[in-house]
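A quick write-up on the structure given underneath.
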Amino acid sequence: PFLLLIMATLRLPLSNPSPVFGLALLLVVLLLGITKIASVDLLACVALGSTILLEHVWHFAHFHKEKADLPLLWYLGFAAIFTVFPFIFHRQFARRSTVWASAALAAPLHFYLIYEVVRVTHPHSGILGLVPAAFAIPSLLGLVALLRLIPTDSPARNAQLALFGGAALFFITLIFPIQFDRQWITLGWALEGAALCWLFHRVPHPGLRIAGIGL
């Protein structure tokens, strides 16, 4: 179904994304419902990846800065749905990690689209660094919520904390290369790597160490 929507997006002059995004929203709700009822956690990641692909296809084919408000609301809405979903049913997903991965990655995967909308519509504002700063807030709130909601004996707790902690640090360190020029992008990557290594000492998940050393 998502591939059919992508084909329709490429073939039709859809300056208004609501028809295809509305159908995509229905499909997302169905997939997340199956994830909840049948405990097929991978479907949440499938829904996220399919939605991201559809949004990018529409954005590159039909986006105009004169009509930026509506697609911006859709991008923010999709990111919020995937982020909030596992928190609503946290008791069921407390001992799993796949569905939490889709929640933690929803904001980073939507960041480029939302940042591009803000950059194109406000190119000389000088405050583009506020975009990743604003994105860091939901990730930090999710991290705090996980610390309170997930039992300490859950085998997936470290992975969940690592996902949301890594997403928050990603946005925090992204402020520097976006707000400043020249060498700041190098320092931003270095700070992200150092931050992930620091987080590894508090949340001993091996993925944090590998990503931190890689950066």
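Among the candidates P151, P204, P123, which residue alone is part of a loop (DSSP other than H, G, I, E, B), within 21 Å of I88 (Cα to Cα), open to solvent by 10 Å² or more (accessible area, probe 1.4 Å) and not polar (S, T, N, Q)?
The conditions single out P151.
Per-residue answers, yes or no, for (1) within 19 Å of the chain's Cα centre (by Cα); (2) at pLDDT below 85:
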{"position": "I127", "(1), (2)": "no, yes"}
{"position": "P132", "(1), (2)": "yes, no"}
{"position": "R148", "(1), (2)": "no, no"}
{"position": "A156", "(1), (2)": "no, no"}
{"position": "L163", "(1), (2)": "yes, no"}
{"position": "A168", "(1), (2)": "yes, no"}
{"position": "Q183", "(1), (2)": "no, yes"}
{"position": "I210", "(1), (2)": "no, no"}
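Take I114 and tell me if it is within 20 Å of G166 (Cα to Cα) and assigned to a helix (DSSP H, G or I).
Taking the combined requirement at face value, the residue satisfies it.
Under 7 Å between Cβ atoms, at least 6 apart or on separate chains: pull out the pairs that start in region 7-35 with a residue that is of a type in the set (V, I, T) and end on any residue that is outside any helix (DSSP H, G or I) and surrounded by 14 or more Cβ atoms within 10 Å (Cβ to Cβ).
V20/L14; I34/V40; T35/D41
I need the full set of residues from region 180-201 which are open to solvent by less than 70 Å² (accessible area, probe 1.4 Å) and farther than 27 Å from D41 by Cα, in order please.
G188, A190, E192, G193, A194, A195, C197
Go through region 1-85 and tell me which helices (runs of 4 or more DSSP H), entirely inside it, have 3 or more residues that are within 25 Å of S139 (Cα to Cα) and either of a type outside the set (G, A, S) or modelled with pLDDT under 95 (or both).
18-38, 42-62
If I go through region 28-87 residue by residue, how many of them are β-branched (V, I, T), under 25 Å from P132 (Cβ atoms) and surrounded by fewer than 19 Cβ atoms within 10 Å (Cβ to Cβ)?
3
Could you tell me how many of the residues in region 86-111 are in a loop (DSSP other than H, G, I, E, B) and small (G, A, S)?
Result for region 86-111: 2.
Please indicate, with yes or no, whether at least one residue in region 162-171 is surrounded by fewer than 19 Cβ atoms within 10 Å (Cβ to Cβ), touching a helix residue (DSSP H, G or I) at 6+ places or on another chain (Cβ under 9 Å) and in a helix (DSSP H, G or I).
no
Scan region 128-140 and tell me whether some residue there is open to solvent by 50 Å² or more (accessible area, probe 1.4 Å) and in contact with a Ser or Thr (Cβ under 9 Å, 6 or more places away or on another chain).
Taking every residue of region 128-140 in turn, at least one turns out to be open to solvent by 50 Å² or more (accessible area, probe 1.4 Å) and in contact with a Ser or Thr (Cβ under 9 Å, 6 or more places away or on another chain).
The values are calculated or read from the model by the stated rules, or taken from the named source; none is laboratory data. All values reported here derive from a predicted model rather than from experimental measurement. Positions of Cβ are backbone-derived with ideal geometry, glycine not excepted, and every protein chain shown enters the neighbour counts. What goes into the accessible areas is simple: the full protein's heavy atoms, side chains included, and nothing from ligands, DNA or RNA. Shrake-Rupley method; radii C 1.70, N 1.55, O 1.52, S 1.80 Å.
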